[in-house]
Amino acid sequence: MTTAEISYPPTCAASSVATLLLRVADGEPAAWREIVRRYGEVVSAAVRSFRLQDADAHDAIQTTWLQLATHARQIRHPERLGGWLVTTARRACLHILRHTTPSPAPIYALAETVVDPVPGPEQLAVDADATRTLWNFVDELPPHRQTLLRELFTEHPRGYAEVARVTGIPVGGVGPTRARALAQLRGRLEQHGFGPDAW
C-alpha cells in the first residue's frame, strides 16, 4: 500500500479514543489491542513510505508505539490520534535516517511542520515527479550500483544477506558500496541543480 492509499480508521467520538488512551496509559492489554487494530496499518504505511531496511522499519514502528505509551495521557486531541501517530512515525524514520546516512540536518526539521498526514493531490504529483527524477539518475549509475540501490530501496526492502546474494556483492561490502552509490547519486543530483534544498 502506498502513502496515497493509506486508509485511515473511521472517525470515532473523541471521548471513545480518549477513554482508550487512558486505558492504554494504565497498561490495559485490551486497550492496546484495540489501538493497534485501528491504527496499526496507518503506522506501518507511514514507515513503509521511507523504505527503510527491515530492522530499521521495525525500530521505527516500535519507537512510535513506545512514544504513544509514554504520552498517552498527554494527547491533546484524541480524535486526531491517527495524525499524531503518523507524525511520530515519520519523526522516528527521519531520526533513523539522520543517524545512518550523511543526510543534511535540516531534513529532521521537516517533521516539525507536519500537520495533515494525508498528502493532497498536488503534493502527490510533486512526490511522483521527484521519485521519477531520482530513479532516472539512478539509471545513470554503474550497473552494479543501480542493482544494489534498487534491491535496497524497494517497496519491500531485503536484508543485506539477501541483497548480497542477488547482487553478488559480499555481505561486508554491501554497506560501503551503498555509501559510495549514494554519494555518487548525490553528486549527480547536485550537478543538475538538485541539491538538498531542491527536495
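The values are calculated or read from the model by the stated rules, or taken from the named source; none is laboratory data. Quantities reported herein were computed from a predicted structural model and do not represent experimental measurements. Virtual Cβ from ideal backbone geometry, glycine too; neighbours counted across all protein chains shown.
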Looking only at the range 57-96, filter to residues that are of a type in the set (S, T, N, Q) and closer than 14 Å to residue 42 by Cα; which one of those is surrounded by the most Cβ atoms within 10 Å (Cβ to Cβ)? 64
Selection status of residue 44, polar (S, T, N, Q), out of contact with any Asp or Glu (no Cβ under 9 Å at 6 or more places or on another chain) and farther than 10 Å from residue 93 by Cβ: yes
Residue 162 fails exactly one of (1) at pLDDT below 85; (2) surrounded by 16 or more Cβ atoms within 10 Å (Cβ to Cβ); (3) within 18 Å of residue 51 (Cβ to Cβ), namely (2)
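For the range 43-56, which residues satisfy the criterion of being outside any loop (DSSP other than H, G, I, E, B), in contact (Cβ under 8 Å) with a residue 60 or more places away in the chain and crowded, with 17+ Cβ neighbours inside 10 Å?
Quick first cut of the range 43-56, residues outside any loop (DSSP other than H, G, I, E, B) only: 43-48, 54-56.
Those still in the list that are in contact (Cβ under 8 Å) with a residue 60 or more places away in the chain too: 46, 48, 54-55.
Listed by number, the residues that qualify are 46, 48.
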